[in-house]
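This report concerns only the one structure given below.
The values are calculated or read from the model by the stated rules, or taken from the named source; none is laboratory data. Keep in mind it's a predicted model, so treat the numbers as computed, not measured. All Cβ positions, glycine included, derive from the backbone under ideal geometry; neighbour counts span all protein chains shown. Accessible surface areas use protein heavy atoms only, side chains included; no ligands, DNA or RNA. Shrake-Rupley method; radii C 1.70, N 1.55, O 1.52, S 1.80 Å.
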Amino acid sequence: MNELQVKYFLETVESGSITQAAKNLFVSRPAVSKQISELEKELGVPLFERKNNMVVLTKGGKLFYDCFVQIRRNIENTAVMA
């Protein structure tokens, strides 16, 4: 798992689609899709159910989303305190 994979995952969740995440991140849709697929493979958990142009978090995806958001908040808070 790397920072880029987590960033793309979080943006996909928060924007509601891989296509919109790619636009927001100024990268191609396949780049986002590939990073998320690699993250899923490494974690051993499907993070999304893909339906047409939409993505819906799986139960495991929701757990990882909550975890990654908490980590992001901790990093931001630590940066402020430093």
Check on L63, surrounded by 13 or more Cβ atoms within 10 Å (Cβ to Cβ) and in contact with a Phe, Trp or Tyr (Cβ under 8 Å, 6 or more places away or on another chain): no
Which of the residues spanning segment 7-20 are crowded, with 21+ Cβ neighbours inside 10 Å and more than 18 Å from D66 (Cα to Cα)? I18
In segment 24-82, how many residues are in contact with a Pro (Cβ under 9 Å, 6 or more places away or on another chain) and in contact (Cβ under 8 Å) with a residue 12 or more places away in the chain? 3
If we scan segment 24-31, do we find a residue that is under 19 Å from K59 (Cα atoms) and over 9 Å from the mean Cα position of the chain (by Cα)? no
Restricting the search to segment 21-58, which residues are open to solvent by 40 Å² or more (accessible area, probe 1.4 Å) and among the aromatic types (F, W, Y)? F26
